[in-house]
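**Q** Can you read through this structure? Questions will come right after.
The values are calculated or read from the model by the stated rules, or taken from the named source; none is laboratory data. It should be emphasised that the depicted structure is a prediction, and the values quoted were computed from it without experimental measurement. Methodologically, a virtual Cβ is constructed for each residue, glycine included, from the backbone with ideal geometry; neighbour enumeration extends over all protein chains shown.
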Amino acid sequence: MKNSVLKLTTALILGSALFGGTAAAQYPERPVSMVVPFSAGGPTDTVARSLAEAMRPALGETVLVENKGGAGGTIGVSHVARSKPDGHTILLMHIGFSTAQSLYKNPGYSSESFDPIGLVLDVPMTIIARSDFPADNINELIDYVKANPEKVSLANAGIGAASQLCGTMFSSAIGVDLLTIPYKGTGPALNDLLGKQVDILCDQTTNTSQHINAGTVKAYAVTSKERVPTLPDLPTMQESGYDGFEIGIWHGVWAPKGTPQPALDKLQEALKAGLADQAFQERMAGLGANLLADRANPEALSTHVDQQVPQWAELFKQAGIEPQ
Ligand code: ASP
């Protein structure tokens, strides 16, 4: 009897330890995968790799960047929407998260497919061309494109990408339809522009800054309201006479819907800590990005997305852009 009570007690203690162990499992249990829905070496990848490093100490685990490019980012975003909601797969995406919901009949996800973690930063765009392009300033660029529309190719990262949005704004502002060449990200698009295989590109300063400063591309304008402090010689599009041509590429972090609250809390804490990291701040500022530290929370991101989705839907409708 004594023996069996002892056995039972041991079994109970062991059982509860095991059960308790599972219920209170530490998060994260292994490295967290941060999906970037574009190619490696591009602007989103650049932000992701720095952010992954900056989030690691607070998360207590490595954050591995996983590139899943294609279809303007929708392939990678819908991959995360379908991933196991356990906090080990998260998404870094930008404005395209909201625009693609109106540009595609079925983008493979909706805002409801995700639990928001927070906003990260906002990045201006630049209009650039291959280094031997026959135009030295924005007016010459526009004159050349208008006079030779069939000769000019415009690279982008597919429908739903920031570069496609900006390229469409540019084409419609100057009233010219250009031949567009889609890539899985602006990393490879910029490589082809450096190789002089494509002519022009509208891309984020997080990708273009180093080439603009090195003089390996021609740069004409920025799309922000004010000039970008790190690229002070570039006029804004508004200064160049294109009123209302203003666009910033906001970025956010999401987890698949149904991620347990303790994991969401931990991810949010790590995002906040990442944005407070000095090395991250300096690197992003050097690339022209503006941190959105005071909006790095779920409420701010979900409010923002809830405003953005209908706003873009309306703008596309007014512009006669049909979902495909
Ligand atoms: N941000 C994308 C990239 O990382 C490109 C884009 O949205 O235009 O390649």
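**Q** When the residues of the stretch 244-266 are filtered to those that are within 23 Å of GLY160 (Cα to Cα) and assigned to a loop (DSSP other than H, G, I, E, B), which remaining residue is farthest from the chain's Cα centre (by Cα)?
**A** Filtering first and then ranking leaves GLY244.
**Q** With the requirement that a residue be of a type in the set (D, E, K, R) and in contact with a helix residue (DSSP H, G or I) (Cβ under 6 Å, 6 or more places away or on another chain), what does the stretch 39-68 give you?
**A** The one that is of a type in the set (D, E, K, R) and in contact with a helix residue (DSSP H, G or I) (Cβ under 6 Å, 6 or more places away or on another chain): LYS68.
**Q** Take the residues in the stretch 192-218 that are surrounded by fewer than 16 Cβ atoms within 10 Å (Cβ to Cβ) and not hydrophobic (A, V, I, L, M, F, W, C), then tell me which one is nearest to the ligand (Cβ to nearest atom).
**A** Within the stretch 192-218, the match that is nearest to the ligand (Cβ to nearest atom) is GLN210.
**Q** I would also like to ask the following. Out of curiosity, is THR180 within 13 Å of the ligand (Cβ to nearest atom), outside any helix (DSSP H, G or I) and of a type in the set (S, T, N, Q)?
**A** For THR180, the condition - within 13 Å of the ligand (Cβ to nearest atom), outside any helix (DSSP H, G or I) and of a type in the set (S, T, N, Q) - is met.
**Q** Among the candidates ALA58, ALA100, single out the residue that is crowded, with 24+ Cβ neighbours inside 10 Å, assigned to a helix (DSSP H, G or I) and hydrophobic (A, V, I, L, M, F, W, C).
**A** Every option except ALA100 fails the conditions.
**Q** Within the stretch 142-167, can you find the residues that are within 19 Å of THR208 (Cα to Cα) and either under 22 Å from the mean Cα position of the chain (by Cα) or within 12 Å of the ligand (Cβ to nearest atom) (or both)?
**A** Listed by number, the residues that qualify are LEU154, ALA155, ASN156, ALA157, GLY158, ALA161, ALA162, SER163, GLN164, LEU165, CYS166, GLY167.
**Q** Then there's this: For the subset of the stretch 168-177 comprising residues that are surrounded by 15 or more Cβ atoms within 10 Å (Cβ to Cβ) and under 26 Å from THR44 (Cβ atoms), which member is farthest from the ligand (Cβ to nearest atom)?
**A** In this case the residue turns out to be ALA173.
**Q** Can you report the number of residues in the stretch 68-77 which are out of contact with any Pro (no Cβ under 6 Å at 6 or more places or on another chain) and crowded, with 20+ Cβ neighbours inside 10 Å?
**A** Count: 3.
**Q** Still on this structure, I have one more. Tell me, yes or no, whether the stretch 130-143 has at least one residue that is free of Cβ contacts under 8 Å to residues at least 60 places away in the same chain, charged (D, E, K, R) and closer than 24 Å to VAL228 by Cα.
**A** Yes, some residue in the stretch 130-143 is free of Cβ contacts under 8 Å to residues at least 60 places away in the same chain, charged (D, E, K, R) and closer than 24 Å to VAL228 by Cα.
**Q** Given the condition buried (at least 18 other Cβ atoms within 10 Å of the Cβ), touching a His at 6+ places or on another chain (Cβ under 6 Å) and closer than 30 Å to ALA173 by Cβ, answer yes or no: does some residue in the stretch 248-255 qualify?
**A** Yes, there is a match, as at least one residue in the stretch 248-255 is buried (at least 18 other Cβ atoms within 10 Å of the Cβ), touching a His at 6+ places or on another chain (Cβ under 6 Å) and closer than 30 Å to ALA173 by Cβ.
Condition check ((1) of a type in the set (A, V, I, L, M, F, W, C); (2) without any contact (Cβ under 8 Å) to a residue 40 or more places away in the chain; (3) touching a strand residue (DSSP E or B) at 6+ places or on another chain (Cβ under 8 Å)) across all residues:
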| site | (1), (2), (3) |
| --- | --- |
| SER171 | no, yes, yes |
| TYR183 | no, no, yes |
| GLN197 | no, yes, no |
| HIS211 | no, no, yes |
| TYR220 | no, no, yes |
| TRP254 | yes, no, yes |
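**Q** Considering the stretch 121-139 alone, what residues qualify as being in contact with a strand residue (DSSP E or B) (Cβ under 9 Å, 6 or more places away or on another chain) and part of a loop (DSSP other than H, G, I, E, B)?
**A** SER131, ASP132, PHE133, ALA135, ASP136, ASN137
**Q** Next question, about the same structure. State yes or no: is SER172 assigned to a helix (DSSP H, G or I) and modelled with pLDDT under 95?
**A** So SER172 fits the description; yes.
**Q** In the stretch 65-74, is there at least one residue being over 20 Å from GLY158 (Cα atoms), more than 16 Å from the ligand (Cβ to nearest atom) and touching a residue at least 12 places away in the same chain (Cβ under 8 Å)?
**A** Within the stretch 65-74, none of the residues are over 20 Å from GLY158 (Cα atoms), more than 16 Å from the ligand (Cβ to nearest atom) and touching a residue at least 12 places away in the same chain (Cβ under 8 Å).
**Q** Next question, about the same structure. Can you tell me which condition ASN139 does not meet? The list is (1) among the polar types (S, T, N, Q); (2) surrounded by 17 or more Cβ atoms within 10 Å (Cβ to Cβ); (3) away from the ligand (no atom under 13 Å from the Cβ), and all the others hold.
**A** (2) is the only condition that ASN139 fails.
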